[in-house]
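Novice: Following this message is one structure expressed as structure tokens.
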Amino acid sequence: MTSTLDTTQARTVRIEGVRTGELASVHSWELVTAVDGPGTRMTLFLAGCPLRCLYCHNPDTMQMRMGRTMSFDDVASRVNRYRPVFTATKGGLTISGGEPLMQPAFVGKLVHWAHERGIHTAIDTSGNLGANASDQLLSELDLVLLDVKSGDEETYQRVTGQRLQPTIDFGERLKKAGVETWIRFVLVPGLTDSEENINNVADIISRWSQVTRVEVLPFHQMGRDKWESLGMRYQLNDVEPPSPEHTEWARNIFRERNLVTY
Ligand code: SF4
């Protein structure tokens, strides 16, 4: 009985801590170069995501309860250790997931903390929970990596299980707030690679003047084992990664709209 009470109390404390931003459910972090933003980055992966992308290569970040609870001070002191690296490489902090905006109070607090110290800040988000981002957060972010997973509602829902419109709304808000945005689009043969779908994505993002870069990421099978080990049904077993030519063809659809595309 006592241990049940302890568990319930611990859970209540954790939920309250996440609500106020004093605690976070963290999956992991790593130091990366040439991805997730300029320079060398500390990418912090938060646990929890409202989407269920069929191609997700980190399905172990989907559930918030699968993360490890860390205090704000603990995370901030880890970021602090990398400040000399950030300065030397013009890098910074990227908060990814899962979906960072599932824990908006913590993200707002950490971005504010980093911004005050002159650390370059970015979040990597699908935009699905963009409404959770405060105006202050947007004013303190140097970069948003916005994943646009498809260009029409039907395909988007097939890929993610959620609606596209919140991502469009968030992109419009980023435009108004003038937050530099890099777009990410995952090219999955038979799922996201129709010319119509890619044209739709390109049409949406070419309206956004804050977009400075588009990344077309070829689908890969590196997440497959994780799905299996979590006992989750993986639906893309038979999908081959796109060829380099196919990926270039997709990139050219964005380049035709004068979007700088990698
Ligand atoms: S948004 Fe990212 S973390 Fe969430 S399910 Fe999709 S790929 Fe996975």
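The values are calculated or read from the model by the stated rules, or taken from the named source; none is laboratory data. Here the structure is a predicted model, which is why all the values come from computation and not from measurement. No Cβ is skipped: glycine too gets one built from the backbone with ideal geometry, and neighbour counts run over all protein chains shown. Side chains included, ligands, DNA and RNA excluded: accessible areas come from the protein's heavy atoms. Shrake-Rupley method; radii C 1.70, N 1.55, O 1.52, S 1.80 Å.
Novice: Can you find even one residue in region 43-61 that is surrounded by 20 or more Cβ atoms within 10 Å (Cβ to Cβ) and more than 14 Å from the ligand (Cβ to nearest atom)?
Specialist: no
Novice: Output the number of the condition that His27 fails; it satisfies all remaining conditions of (1) touching a helix residue (DSSP H, G or I) at 6+ places or on another chain (Cβ under 8 Å); (2) more than 15 Å from the ligand (Cβ to nearest atom); (3) assigned to a strand (DSSP E or B).
Specialist: Every listed condition holds for His27 apart from (2).
Novice: Restricting attention to region 162-172, report how many residues are surrounded by 14 or more Cβ atoms within 10 Å (Cβ to Cβ), touching an Asp or Glu at 6+ places or on another chain (Cβ under 9 Å) and assigned to a helix (DSSP H, G or I).
Specialist: Residues in region 162-172 being surrounded by 14 or more Cβ atoms within 10 Å (Cβ to Cβ), touching an Asp or Glu at 6+ places or on another chain (Cβ under 9 Å) and assigned to a helix (DSSP H, G or I): 1 in total.
Novice: Return the residues of region 177-203 that are open to solvent by 10 Å² or more (accessible area, probe 1.4 Å), assigned to a helix (DSSP H, G or I) and within 15 Å of Gly127 (Cα to Cα); say none if nothing qualifies.
Specialist: Taking region 177-203 and keeping what is open to solvent by 10 Å² or more (accessible area, probe 1.4 Å), we get 177-178, 180, 182, 184, 186, 189-191, 193-196, 199-200, 203.
Remaining after also requiring assigned to a helix (DSSP H, G or I): 177, 195-196, 199-200, 203.
Within region 177-203, just Ala177 meets the criteria.
Novice: Another question, then. In region 6-16, is there at least one residue being surrounded by 18 or more Cβ atoms within 10 Å (Cβ to Cβ) and touching a residue at least 24 places away in the same chain (Cβ under 8 Å)?
Specialist: For region 6-16, residues surrounded by 18 or more Cβ atoms within 10 Å (Cβ to Cβ) and touching a residue at least 24 places away in the same chain (Cβ under 8 Å): absent.
Novice: Mind checking which residues of region 132-149 are open to solvent by less than 60 Å² (accessible area, probe 1.4 Å), in a helix (DSSP H, G or I) and in contact (Cβ under 8 Å) with a residue 40 or more places away in the chain?
Specialist: Leu138
Novice: Additional query: I'd like the full set of residues that are over 20 Å from Asp152 (Cα atoms), open to solvent by less than 90 Å² (accessible area, probe 1.4 Å) and touching a helix residue (DSSP H, G or I) at 6+ places or on another chain (Cβ under 9 Å), limited to region 217-230.
Specialist: Of everything in region 217-230, those that are over 20 Å from Asp152 (Cα atoms), open to solvent by less than 90 Å² (accessible area, probe 1.4 Å) and touching a helix residue (DSSP H, G or I) at 6+ places or on another chain (Cβ under 9 Å) turn out to be Gly223, Lys226, Trp227, Leu230.
Yes or no, residue by residue, for (1) in contact with a helix residue (DSSP H, G or I) (Cβ under 8 Å, 6 or more places away or on another chain); (2) within 23 Å of Arg173 (Cβ to Cβ):
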site	(1), (2)
Asn197	yes, no
Ile204	yes, yes
Glu215	no, yes
Met232	yes, no
Gln235	no, no
Val239	no, no
His246	no, no
Ile253	yes, no
Glu256	yes, no
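Novice: Now, a different point. Taking the conditions exactly as written (outside any helix (DSSP H, G or I) and either open to solvent by less than 30 Å² (accessible area, probe 1.4 Å) or in contact with a Lys or Arg (Cβ under 6 Å, 6 or more places away or on another chain) (or both)), does Val159 satisfy them or not?
Specialist: In short, no.
Novice: I've got another one for you. Out of the residues in region 213-245 that are among the hydroxyl-bearing types (Ser, Thr, Tyr) and in a loop (DSSP other than H, G, I, E, B), which is nearest to the chain's Cα centre (by Cα)?
Specialist: Per the stated criteria, the residue is Tyr234.
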